[in-house]
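Scroll down for the structure; my scribbles are underneath it.
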Amino acid sequence: MSQKEQYTFCDAEKEIQINKYDTPTPWMNYLSNGTFHTMLSQAGGGVAFYKSPQIWRINHYRFFHLPTDRSGFYTYIRDGETVWCPTSEPCAAKPEQWQAAHGMGYTRYEAKREGLAVNALYFVGELENCLIMHLQLKSDTDKKITLFPYVELGMMEFMRELQWQCYNKHQLSCYNREDILIYHYAVENQPKPDETPLVYFAATLPAAGFDCDRDEFVGSYRSEENPKRVEEGHCSGSTLYGGDPCFALEIPIELKAGQEQEVTIFLGTAMTEQAVISAVQHCREQDFVKRSFDGLKQHWDTYLSRFSCEMKDKTAERMINIWNPYQAERNFQFSRNISYYATGTFRGVGVRDTAQDILAMIPFDTKRAREKLNLLFTQQYQDGHCNHYCFPTEGWDPVTRTHSDNHLWLVMAAYHICLEEGELSYLDTQVEFYDSGRGTVWEHMKKSIAFTVSHLGERGFPLMLASDWNDMLYRVCTKGKGESIWTSMQFGTVLPMMEALAERRGEDGRLYREIYEAQNRLVTETAWDGAWFRRCITDTGRMIGSEKEPQAKIWLNTQSWSVISGMGTPNQQKTAMDSVYRLLNTPLGIKKIHPAMTTDYPSKEEALTCYNKGCGENGSVFCHANTWAVIAEAKLKHADRAWEYYTQLIPANAQKYAGQWRYKAEPYVYASNIFGPESDKFGLANVSWLTGTAAWMYIAATQYLLGIRPDWDGLIVDPCLPAALLPVTVHRRFRGKMYHITIHQNRKAKIPESALPECWVEI
Ligand code: GLC
């Protein structure tokens, strides 16, 4: 199957159109209004949840199980003896013509079978907390058909369902109230019973029947592929007071040849029966769907208009203008919570991950960035360290492990908010500490620095603690002595930010400079291995990431971050990045370490990893870490290499190189990692959608390749692009004004803040 046949990007519509339902893995989209969310595949599979997939999950999605990508949001069409779905899945009878398209916050399906054409548009709008499934039907001939919209419900607390379903299912109810199906999750001891909504299912056309009991609707030893009631042509009218619930409606429709009919189905939440009835009344209003969809379109057009570019490389242009900021926004919202790969069961808001996601929200909306960062600051203790994850929606206790990096990411995010806003007011925001008391953001930031200063190891680098950015390094410091050279570089990146802020506040910033210099000496002398920087030091004093070691000799992050932090000599930095190119680069991205480790390194008893070679942190192309190599090469002004690193990892390019059936994941969003060359699955992309790659690749492209960065009193233009790509035009909204910048050469320039609403500049 060639690429062309399987999908097409349609940039004018900001869509990817997918022409076969059986992609190598489900290719997902996220539909959301910030409260009600649905992850939806090109084949109609997926999961909906209200606020939290941990405690308010609506339907079953069977992670890892076969058949893949079940269950989902299906409307069965019974046309004579044939039963099929516009989503293509899950029926055996497929549409004769079919296409799905993922767009900004919506997914649509166009399908045709036996003269009946159906356009189905799925989205979540701002006006109600519901998934809207809007179907337009048109037949070539007069036809009587029956629609059966269906959703398999589940217990809202997914983990409890796995453990306690046999008892708790007796506490579920699902019933029909005035042509609206309602599901009531009344399970005892749930975390937030007063905030748990009812779930509803309703349509704009009258239903002739319904089912609320899944097993009544589907029948025994059947599946969503061939529900018994659909086959029979009628629902059974089952209610459910104890058991496995579902929503199913039976909607008879008479179609006249050539005349279009519309029906909309709503799967939503509201707090009380009365609120459900009002919500459904609202949904059924004549222009509700149109108003909701227009609002969604408007929202994304406005959002994406804040930064866009025109360049010769249309694949890169598409990522920068559409898919990368879209993915980054979804990461900002969902952190690493739920995707096709992540089950949405245990990861709430990660401090480290979310602080990085915030970086890509800042140019779009500092208000949203501030709110999220305030939440993260509430996870900080008086001594300056932070919880690792928190669960603000679920109200659960946080994961309290102390990592060496979490609190330092907060400093970086706060600095960038100030820089975008051009003033320091954010630093005066009062935020509670997790253990006791409150303080300004600036006080929080100072405590971040103080924590690292008071947790240095014997050699003077920051202690690794429970790990730094690299989760695999959790065994380095089990005896409390292992040190992280990378955290030293992260520290070295934020210390100048503290110095700059202190000085702008009229305080003495020299202390930060002195700490920086001391760390820099260590990096230059102790961390340097000859051709690259070492990675960390174990409890027993072993230097990981050295030519002298038999395995894992070179690690990517300490090379790229030497440049980012400005640590080491310029010559060391350049040599280190050349070593990256020589030893780590592949045509599918940069490996994280080389060579990958076996499970006996540094010793069998204390092995650093259980990962197979080439997988995850053990020698895959870790896309998140690749972004920093792009930035480092851009900072070194190596335009061609920076662009090579950037462009080889654009998902559509990587997929083309690896081949669709090897790469497997979506060609429009970044994956967290790609199996590396030491794996027999080299090229297989993993954990797509929710990854720090989204935020950092966006920063790499916009701030370091295009080179448009905020400064206190204007915009810096500092492009680093291959000559063949020039000229490039950028449109960037900055402090309420629009800047149109045409770049003809890689020349650094400063654009003072414009007095006019629009400003045109040629560089
Ligand atoms: C995953 C984690 C992130 C970590 C990275 C490297 O992406 O979400 O927190 O930094 O792996 O280990």
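Check L608 against each of (1) open to solvent by less than 10 Å² (accessible area, probe 1.4 Å); (2) more than 27 Å from D357 (Cβ to Cβ); (3) more than 16 Å from the ligand (Cβ to nearest atom) and name the one condition it does not meet.
Of the numbered conditions (1) open to solvent by less than 10 Å² (accessible area, probe 1.4 Å); (2) more than 27 Å from D357 (Cβ to Cβ); (3) more than 16 Å from the ligand (Cβ to nearest atom), the odd one out for L608 is (3).
Any residue at all in segment 316-332 that's at pLDDT 95 or above, of a type in the set (D, E) and either surrounded by fewer than 22 Cβ atoms within 10 Å (Cβ to Cβ) or touching a His at 6+ places or on another chain (Cβ under 6 Å) (or both)?
There is at least one residue in segment 316-332 that is at pLDDT 95 or above, of a type in the set (D, E) and either surrounded by fewer than 22 Cβ atoms within 10 Å (Cβ to Cβ) or touching a His at 6+ places or on another chain (Cβ under 6 Å) (or both).
Within segment 45-61, how many residues are more than 18 Å from the chain's Cα centre (by Cα), surrounded by 23 or more Cβ atoms within 10 Å (Cβ to Cβ) and not in a strand (DSSP E or B)?
Total meeting the criteria: 4.
Tell me which residues, restricted to segment 684-741, are touching a Gly at 6+ places or on another chain (Cβ under 9 Å) and of a type in the set (D, E, K, R).
The answer is D711, D713, D718, R735.
Would you pick out the residues in segment 571-614 that are outside any loop (DSSP other than H, G, I, E, B) and hydroxyl-bearing (S, T, Y)?
T575, S579, Y581, T586
Of all residues in segment 618-641, which are within 16 Å of the ligand (Cβ to nearest atom) and either small (G, A, S) or farther than 18 Å from T702 by Cβ (or both)?
Of everything in segment 618-641, those that are within 16 Å of the ligand (Cβ to nearest atom) and either small (G, A, S) or farther than 18 Å from T702 by Cβ (or both) turn out to be N618, G619, S620, V621, F622, A625, A629.
Which ones in segment 455-471 are surrounded by fewer than 18 Cβ atoms within 10 Å (Cβ to Cβ) and within 16 Å of the ligand (Cβ to nearest atom)?
D471
For residues in segment 513-548 being of a type in the set (V, I, T) and part of a helix (DSSP H, G or I), which is surrounded by the fewest Cβ atoms within 10 Å (Cβ to Cβ)?
Checked segment 513-548; the qualifying residue surrounded by the fewest Cβ atoms within 10 Å (Cβ to Cβ) is T524.
Could you please let me know if F64 is open to solvent by 10 Å² or more (accessible area, probe 1.4 Å) and more than 29 Å from N321 (Cβ to Cβ)?
Answer is yes for this residue.
Which of the residues spanning segment 397-415 are open to solvent by 10 Å² or more (accessible area, probe 1.4 Å) and within 22 Å of the chain's Cα centre (by Cα)?
Scanning segment 397-415 gives P398, V399.
Which members of segment 549-587 meet the condition of being open to solvent by 20 Å² or more (accessible area, probe 1.4 Å) and among the aliphatic types (A, V, I, L, M)?
Once the filter is applied, which keeps residues that are open to solvent by 20 Å² or more (accessible area, probe 1.4 Å) and among the aliphatic types (A, V, I, L, M), segment 549-587 yields I564, L583.
Tell me which residues, restricted to segment 439-479, are charged (D, E, K, R) and more than 19 Å from W555 (Cα to Cα).
Correct list: E443, K446, K447, E458, R459, K479.
Of the residues that sit in segment 343-372 and are of a type in the set (S, T, Y) and either within 14 Å of the ligand (Cβ to nearest atom) or within 30 Å of R160 (Cβ to Cβ) (or both), which one is surrounded by the most Cβ atoms within 10 Å (Cβ to Cβ)?
T354
With K228, K256 as the choices, which residue is farther than 30 Å from P392 by Cβ and without any contact (Cβ under 8 Å) to a residue 24 or more places away in the chain?
None of the others qualify; the one that does is K228.
I'm checking my understanding of the structure. Among residues of segment 416-447 that are of a type in the set (S, T, Y) and without any contact (Cβ under 8 Å) to a residue 40 or more places away in the chain, which one is surrounded by the most Cβ atoms within 10 Å (Cβ to Cβ)?
Looking at residues that are of a type in the set (S, T, Y) and without any contact (Cβ under 8 Å) to a residue 40 or more places away in the chain, I get T440.
I need the full set of residues from segment 166-187 which are part of a helix (DSSP H, G or I) and open to solvent by 40 Å² or more (accessible area, probe 1.4 Å), in order please.
C166, Y167, K169, H170, Q171 - these are the residues of segment 166-187 that are part of a helix (DSSP H, G or I) and open to solvent by 40 Å² or more (accessible area, probe 1.4 Å).
Of all the residues that make up segment 281-310, how many are among the charged types (D, E, K, R) and either in contact with a Phe, Trp or Tyr (Cβ under 7 Å, 6 or more places away or on another chain) or assigned to a helix (DSSP H, G or I) (or both)?
Here the count works out to 6.
Consider T493 carefully, then state whether it is polar (S, T, N, Q), closer than 30 Å to S425 by Cα and either open to solvent by 10 Å² or more (accessible area, probe 1.4 Å) or within 16 Å of the ligand (Cβ to nearest atom) (or both).
So T493 fits the description; yes.
Residues in segment 376-393: is at least one modelled with pLDDT of 95 or more, within 16 Å of the ligand (Cβ to nearest atom) and of a type in the set (G, A, S)?
no
For segment 521-537, does any single residue satisfy the condition of being at pLDDT 95 or above and within 16 Å of the ligand (Cβ to nearest atom)?
So far as segment 521-537 goes, yes, one or more of its residues are at pLDDT 95 or above and within 16 Å of the ligand (Cβ to nearest atom).
Write out, first by first residue and then by second, each pair whose Cβ atoms fall under 8 Å of each other, whose residues are 6+ apart or on separate chains, and whose first residue, in segment 613-624, is under 9 Å from S672 (Cα atoms) while the second is among the aliphatic types (A, V, I, L, M) and within 11 Å of the ligand (Cβ to nearest atom).
The qualifying pairs are G616/M472; C623/A671.
Give the residues of segment 72-103 that are hydrophobic (A, V, I, L, M, F, W, C), over 28 Å from the mean Cα position of the chain (by Cα) and not in a strand (DSSP E or B), sorted by residue number.
Scanning segment 72-103 gives C85, C91, A92, A93.
Among S335, S308, S292, which is the only one that is in contact with a Leu (Cβ under 6 Å, 6 or more places away or on another chain) and surrounded by 15 or more Cβ atoms within 10 Å (Cβ to Cβ)?
None of the other options fit; the residue is S292.
Output the residue which, of all residues in segment 130-162 that are in contact with a strand residue (DSSP E or B) (Cβ under 9 Å, 6 or more places away or on another chain) and charged (D, E, K, R), is most open to solvent (accessible area, probe 1.4 Å).
Taking the candidates together, the pick is K144.
Find all pairs meeting these conditions: Cβ atoms under 8 angstrom apart; at least six residues apart or on different chains; first residue within segment 27-40 and among the hydroxyl-bearing types (S, T, Y); second residue at pLDDT below 95.
none
Looking at this structure, is G237 at pLDDT 95 or above and open to solvent by 30 Å² or more (accessible area, probe 1.4 Å)?
Yes, satisfied.
The values are calculated or read from the model by the stated rules, or taken from the named source; none is laboratory data. Because the structure is predicted, anything quoted here is derived from the model rather than measured. FYI the Cβ positions are ideal-geometry reconstructions off the backbone, even for glycines, and counts take in every protein chain you see. Just so you know, the surface numbers come from the protein's heavy atoms only, side chains and all, with ligands and any DNA or RNA stripped out. Shrake-Rupley method; radii C 1.70, N 1.55, O 1.52, S 1.80 Å.
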